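S.K.: Have a look at this one.
The values are calculated or read from the model by the stated rules, or taken from the named source; none is laboratory data. Note that the coordinates shown come from a computational prediction; the quantities given were computed from them, not determined experimentally. Virtual Cβ from ideal backbone geometry, glycine too; neighbours counted across all protein chains shown. For accessibility, only protein heavy atoms count, side chains too; no ligands or nucleic acids. Shrake-Rupley method; radii C 1.70, N 1.55, O 1.52, S 1.80 Å.
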Amino acid sequence: MALTALPTAPAYAADSPLAVLLDLAAQATGPDEDEQRDDAQTAAAHHIYQAYPHTFAVVLEVLDWQGYPAWTDDTGRRFEPSAVAWLDGGLWLHHTLHISEADGARDVLTLIVPCTCGHGYVDIHLDTEDALIDILDELRPTHGRSPHTDTPVDCHSIPAALPRLIR
């Protein structure tokens, strides 16, 4: 297959809709970090109002969420903007939108619970309000702590040395 040279001049008028669209795309930078934080807070609040109307929506407001912009770690893995809400007693709620070509965007809500051993946290993916109520029933006897077991991944999913994110 022979390679063809790219045209040196555009094959469209300078004021055509295509020219305008290409210029707009070249100027588009996407949301800045503040907009990403705000969008993450809004998405988290919207999700809990829709999916958790009898639990989280009763105790959390939009301003209870702290938004964080997208970031890339040292290995090049990209993390979408997210928001966290402090629930007290060492518990956190984390929300992000998982975006993929196959699924589009879907809400991912995680309850982050301190372990009874005091050396780590357990992250619990939440699917429904009924599942949350079951989890809260299990946490009640330990006052909001996850019972420690000796399984290898019990409370080591999130190190205990998390930075304080409270305002």
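S.K.: If GLU35 passes every condition in (1) touching a residue at least 24 places away in the same chain (Cβ under 8 Å); (2) part of a helix (DSSP H, G or I) but one, which one does it miss?
M.R.: Condition not satisfied by GLU35: (1).
S.K.: For the structure I just gave you, tell me whether TRP71 is touching a helix residue (DSSP H, G or I) at 6+ places or on another chain (Cβ under 8 Å), aromatic (Phe, Trp, Tyr) and surrounded by 13 or more Cβ atoms within 10 Å (Cβ to Cβ). Before the answer, list the steps.
M.R.: On the way: touching a helix residue (DSSP H, G or I) at 6+ places or on another chain (Cβ under 8 Å): no; aromatic (Phe, Trp, Tyr): yes; surrounded by 13 or more Cβ atoms within 10 Å (Cβ to Cβ): yes.
Spelling it out, it is not the case that TRP71 is touching a helix residue (DSSP H, G or I) at 6+ places or on another chain (Cβ under 8 Å), aromatic (Phe, Trp, Tyr) and surrounded by 13 or more Cβ atoms within 10 Å (Cβ to Cβ).
S.K.: Continuing with the same structure: Can you name the number of the only condition in (1) in contact with a Phe, Trp or Tyr (Cβ under 9 Å, 6 or more places away or on another chain); (2) surrounded by fewer than 13 Cβ atoms within 10 Å (Cβ to Cβ); (3) over 30 Å from ARG140 (Cβ atoms) that THR29 fails?
M.R.: (1)
S.K.: Answer yes if at least one residue in segment 59-68 is under 21 Å from ASP127 (Cβ atoms) and of a type outside the set (Phe, Trp, Tyr), and no otherwise.
M.R.: Residues of segment 59-68 that are under 21 Å from ASP127 (Cβ atoms), as a first pass: 59-60, 65.
Now drop any that are not of a type outside the set (Phe, Trp, Tyr), which leaves 59-60.
Yes, there is a match, as at least one residue in segment 59-68 is under 21 Å from ASP127 (Cβ atoms) and of a type outside the set (Phe, Trp, Tyr).
S.K.: Cβ contacts < 6 Å: first residue in contact (Cβ under 8 Å) with a residue 60 or more places away in the chain and within 18 Å of TRP65 (Cβ to Cβ), restricted to segment 87-114; second residue in a strand (DSSP E or B) and not hydrophobic (A, V, I, L, M, F, W, C), any location; separation 6+ or different chain. Result?
M.R.: Once the first residue is in contact (Cβ under 8 Å) with a residue 60 or more places away in the chain and within 18 Å of TRP65 (Cβ to Cβ) and sits in segment 87-114, its partners that are in a strand (DSSP E or B) and not hydrophobic (A, V, I, L, M, F, W, C) give LEU109/HIS95.
S.K.: Does segment 35-53 contain any residue that is surrounded by fewer than 18 Cβ atoms within 10 Å (Cβ to Cβ) and polar (S, T, N, Q)?
M.R.: Among the residues of segment 35-53, at least one is surrounded by fewer than 18 Cβ atoms within 10 Å (Cβ to Cβ) and polar (S, T, N, Q), which makes the answer yes.
S.K.: Take segment 74-109 and flag every residue that is part of a loop (DSSP other than H, G, I, E, B) and either at positive phi or surrounded by fewer than 11 Cβ atoms within 10 Å (Cβ to Cβ) (or both).
M.R.: Filtering segment 74-109 for residues part of a loop (DSSP other than H, G, I, E, B) gives 74-77, 80-81, 89-90, 101-103.
Answer for segment 74-109, where residues must be part of a loop (DSSP other than H, G, I, E, B) and either at positive phi or surrounded by fewer than 11 Cβ atoms within 10 Å (Cβ to Cβ) (or both): ASP74, THR75, GLY76, ARG77, GLY89, GLY90, GLU101, ALA102, ASP103.
S.K.: Then there's this: Which one is least open to solvent (accessible area, probe 1.4 Å), of the residues in segment 110-135 that are part of a helix (DSSP H, G or I) and of a type in the set (D, E, K, R)? Show your work before the answer.
M.R.: Quick first cut of segment 110-135, residues part of a helix (DSSP H, G or I) only: 129-135.
Now drop any that are not of a type in the set (D, E, K, R), which leaves 129-130, 134.
Details: GLU129: 26, ASP130: 111, ASP134: 91 Å².
That would be GLU129.
S.K.: If I ask for residues that are farther than 14 Å from VAL84 by Cβ and under 19 Å from the mean Cα position of the chain (by Cα), which ones from segment 49-60 would you list?
M.R.: Kept after step one, since they are farther than 14 Å from VAL84 by Cβ, are these residues of segment 49-60: 49-55, 57-59.
Within segment 49-60, TYR49, GLN50, ALA51, TYR52, ALA57 qualify.
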